[in-house]
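Peer 1: Structure incoming, see below.
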Amino acid sequence: MTRYKEPKYRTILEAKENELEILKEKSVNSQWKPAYHIHPQFGLINDPNGLAYFNGEFHVFYQWYPFDATHGMKHWAHVKSDNLVNWERLPVALVPVEDYESHGAYSGASLEVDGKLYMYYTGNIKYSAEERSANQCLAIMDRDGTITKYENNPLIEGVPEGYTGHVRDPKVFEKDGTYYMLLGAQKTDLTGAIIVYESENAIDWSFKGELNMNLEFPESVYMLECPDYFELDGKDVLVFSPQGLQPEGHFYHNVYNVIYVLGKLDIEGLDFKVESYEEIDNGFDFYAPQTFAGKNGERLLFAWAGSGEVEYPSDKEDWAHCLSIPRQLGIAGGKLVQKPAEELRLLRKDSESGELMLDAGSKEIENSANQYELEMYLDGGEAGRFGLELFASETEGLLIEFDSKHQTVSVNRENFDAAFGGEYGFVRSASLNSGTVKIQVFVDRSIAEVFINDGEAVFTARVFPGEGSTGIRLFSDGKISCRYNKYELAQGISI
Ligand code: FRU
């Protein structure tokens, strides 16, 4: 079969003269470029890849298309850090120049094997706009940071029988001396699945079969992307990104959504006994998360703070998206909960604390730049509806609203000149079981990550405010009181 060629399938090595400099210049002055969220200097970022704490440093790789804000030839870009919050940009880690990755080095995860970092990824192959195949590949990072593609790539050529060309995103782990690779897959009947390969040496793989889960997916689910697996507090956890879920109550309102499943994995028997499952993040822009073990073995997560198929205002500046902040996972009340990673405290600069009382109406908290962390304890008193407005001005603002009667919290991003994504709705919501409210928000130029009650609900929201929209406003329809700490946050990554 002949390979499919299109302008968007070229690598950074094929950049025209000055092309990259021009791109950089065009996006560098954007008012929306995050200061401490991992983002591309230009081009489009999507999934976090190969996450690792390796040889004393944190490594984050990510899917990157350099030439504009669309999905084209994917590279693995690379940043590293010794504290999880100050990131250094490194040369592109994987440039897809080989035949076995002719249309992109797609997502994957890494694992330390014999003192080296094994970075598994998918070589994407296209024969036409619709027809594709996939190879599973390996690159190895030595302790000195040198990255080399495995000489006998691909490790797995093509896809097993019964599956379409959509087989990708390897996650490898070791259990009782055997290595297992999970892959997101689509069956020939066009439903989604997770398939498993096994290996004795992390290099030679054989197909084991499909993972059985006692989860009834609606027929509309046509693909599962980016499987992840880990153990946490005595539970086995699977995370994946199913495509084709339809909205249901508070859940699944994005074009693609992410769920976690808690239960018991019997990998030998290809069986995952599901005890519970739920959407991970209640917000708008959260997809393809990946987890890894931090310095002390804690389970950390980064996600793509973006959504496929949606046009973002920064697309016009030829850059798109960022990753989430690092989040630490835990299990509380039978649920998987996310909290900001402890290390984010290292970014704190000037702080300001205060207490506010409010009758029906609103009050401002002084603020002049959208680069802060806000921690607030709210006592809703007799109020029916109350909350916070961020990125606020006369005409703009991101609303975080609590409704005591219905015990819900919602986030509304409709009120911006550059409002976007409305085809999937401007509001996201979640139920709240507890009465007291703690809000912790990380605001960074064009993103807010909102953690309610230490992870009872978490909303990731990109917004693209006008220059003067930096206000923080408390509002209520009745008597409320709050205390808060606000921290300016330092720059964590170069623009
Ligand atoms: C998820 C995804 C992965 C794929 C990658 C390509 O967002 O579609 O399944 O490997 O992005 O960039």
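Peer 1: Just for strands (runs of 3 or more DSSP E) wholly inside the stretch 99-218: which have at least 3 residues that are within 16 Å of the ligand (Cβ to nearest atom)?
Peer 2: The strands (runs of 3 or more DSSP E) meeting that bar are 116-126, 132-141, 163-175, 178-187, 192-199.
Peer 1: Among the numbered criteria (1) over 19 Å from the mean Cα position of the chain (by Cα); (2) farther than 23 Å from Thr291 by Cβ; (3) crowded, with 22+ Cβ neighbours inside 10 Å, which one does Lys126 miss?
Peer 2: Condition not satisfied by Lys126: (3).
Peer 1: Looking only at the stretch 89-100, decide whether some residue is under 22 Å from Ala185 (Cβ atoms), touching a residue at least 60 places away in the same chain (Cβ under 8 Å) and in the same structural domain as Trp205 (by TED's automatic domain parsing).
Peer 2: Yes, there is a match, as at least one residue in the stretch 89-100 is under 22 Å from Ala185 (Cβ atoms), touching a residue at least 60 places away in the same chain (Cβ under 8 Å) and in the same structural domain as Trp205 (by TED's automatic domain parsing).
Peer 1: If you scan the stretch 29-67, which residues turn out to be at positive phi and within 16 Å of the ligand (Cβ to nearest atom)?
Peer 2: Gly43, Gly50
Peer 1: Sticking with this structure for a sec: Does Arg462 meet the test of being among the basic types (Lys, Arg) and on the phi < 0 side of the Ramachandran plot?
Peer 2: When the stated conditions are applied, Arg462 passes them.
Peer 1: Having 3 or more residues that are under 26 Å from the mean Cα position of the chain (by Cα) is the bar; report the strands (runs of 3 or more DSSP E) wholly within the stretch 322-421 that clear it.
Peer 2: By residue number, 327-332, 335-340, 371-379, 385-392, 398-403, 408-412.
Peer 1: Scan the stretch 276-323 for residues that are in contact with a Leu (Cβ under 9 Å, 6 or more places away or on another chain) and either within 14 Å of the ligand (Cβ to nearest atom) or farther than 22 Å from Asp454 by Cβ (or both) and jot them down.
Peer 2: Result: Pro289, Gln290, Phe302, Ala303, Trp304, Ala305, Gly306, Asp315, Asp318, Trp319, Ala320, His321.
Peer 1: Something else about it: Just checking, how many residues over the stretch 309-339 are modelled with pLDDT under 95 and crowded, with 24+ Cβ neighbours inside 10 Å?
Peer 2: Result for the stretch 309-339: 0.
Peer 1: Would you mention how many residues in the stretch 268-297 are in contact (Cβ under 8 Å) with a residue 40 or more places away in the chain and either buried (at least 19 other Cβ atoms within 10 Å of the Cβ) or more than 24 Å from Glu216 (Cα to Cα) (or both)?
Peer 2: 17
The values are calculated or read from the model by the stated rules, or taken from the named source; none is laboratory data. Just so it is clear, the structure is predicted and the values come from calculations on it, not from any experiment. Cβ atoms come from the backbone with ideal geometry, glycine included; neighbour counts cover every protein chain shown.
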